[in-house]
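Report on one structure; see the data block that follows.
Readers should treat all values here as calculations from the given coordinates under stated rules, not as data from a laboratory. Please read all numbers here as calculations on a predicted model, not as lab measurements. For neighbour counting, all protein chains shown are included, and Cβ atoms are generated from backbone atoms with ideal geometry for every residue, glycine included.
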Amino acid sequence: MQRIGRKKFPTYRLVVAEKARDTQGDSLDIVGSYNPHDKIKGFQPNIDRIKHWLSKGAVASETVHNLLINNKIIEGKKAKSITLTKKRQLKMTEKQKAKADADASADAKAMADKAAAEAEAKIAEEVVVEEVKEETPAEEVKVEEAKEEVKAEEAPAQEIVAEATPVVEETIPEVEEVK
């Protein structure tokens with residue numbers, strides 16, 4: 001891309017130049033123009049010339065490559081056109097580590113809060129159960145205890161009846177013999 005246009009309002013020419021040469025100098029071919037301020041007619045490529053140079057082995061810069069993909073002139077994945085300095089990369093990694101540490105501490109705090117809430121809920125439930133027991137009148141407790149005793153007494157009686165049934169059947173004479 002060769003920058004043209006006035007001050008603070010750039011427009012660009014798409015040029016084919018040797019890699020060792022400056023893009024502002026002589027170029028082999030002009031293959032289009034790009035105006036980033038005009039969204040509708042901003043990119044005006046000469047598609048035949050672009051495909052010709054790409055078939056000859058020319059390699060587009062990352063920005064031009066992305067423009068060609070956006071306008072469906074070529075297919076593929078977009079290239080990363082921004083490079084970071086080592087100083088900026090170091091700063092970004094430190095920032096990511098700080099964020100990861102903050103996230104980890106937030107997760108730990110959330111888990112501790114959840115465990116505390118569960119413990120409080122369990123204690124509150126136990127207190128409610130004890131309050132219900134205290135509020136229950138003594139007569140109701142006695143009635144419930146009496147019901148439990150009756151059930152306990154009925155169980156052995158049922159076992160006795162079950163054991164006695166075969167004995168009774170053996171002692172009853174058969175009706176045919178009596179005739």
> Counting pairs of alpha carbon atoms under 8 Å apart in space and at least six apart in sequence, what relative contact order in percent does the range 1-137 give?
Replying inline: 11
> Hey, if you drop one equal point scatterer on each alpha-carbon of the range 57-114 and run the Debye formula without solvent, what base-10 log of I(q)/I(0) do you get at q = 0.15, 0.30 Å⁻¹?
Replying inline: -0.67, -1.09
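Can you give the Rg to Rh ratio for the range 1-127, taking only C-alpha atoms and Rh from Kirkwood?
Over the Cα atoms of the range 1-127, Rg/Rh equals 1.38.
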> Say each of Ile82 and Asp26 gets a label point 7 Å from the Cα, pointing the same way as Cα to Cβ; how far apart are those two points in nm?
Replying inline: 3.8
> Between Arg6 and Thr63, what is the spin-label point distance in nm, taking each point 7 Å from the Cα along the Cα→C-beta axis?
Replying inline: 2.1
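Going by how many other beta carbons lie within 10 Å of each one, how would you line up Ser105, Ser61, fewest first?
Going from least to most buried by this count: Ser105, Ser61.
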> Of Tyr12, Tyr34, how do they rank once you tally other Cβ atoms within 10 Å and put the fewest first?
Replying inline: Tyr34, Tyr12
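Would you tally the net charge around Arg3, using a Cβ to Cβ cut-off of less than 14 Å, leaving Arg3 out, and scoring K and R as +1, D and E as -1?
The answer is +3.
Which of the GluC sites (Glu not before Pro) found in the range 50-101 are in a DSSP loop and have at most 12 neighbouring Cβ atoms, other than their own, within 10 Å?
Of the GluC sites (Glu not before Pro), the ones in loops of the range 50-101 whose Cβ has at most 12 other Cβ atoms within 10 Å are Glu75.
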> How much net charge surrounds Ala112 when only the other residues with a Cβ under 13 Å from the Cβ of Ala112 are counted, with Lys and Arg +1 and Asp and Glu -1?
Replying inline: -2
> In nm, what is the difference between 0.36 nm times the number of residues separating Lys99 and Lys51 and their Cα-Cα distance?
Replying inline: 12.7 nm
> If R0 is 41 Å, what FRET efficiency do you get for Glu120 and Leu90 from their C-beta distance, rounded to 0.05?
Replying inline: 0.35
> Using the 10 angstrom Cβ neighbour count as an exposure proxy, how do Lys72, Lys95, Lys51 rank, fewest first?
Replying inline: Lys72, Lys95, Lys51
> With a sphere of radius 11 Å drawn around the Cβ of Ile69, what net charge do the other residues whose Cβ falls strictly inside it have (Lys, Arg +1; Asp, Glu -1)?
Replying inline: +1
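Once the cut-off is 21 Å, how many percent of the Cα-Cα pairs in the range 2-70 end up in the long-distance tail?
Value for the range 2-70: 22 percent of Cα pairs lie more than 21 Å apart.
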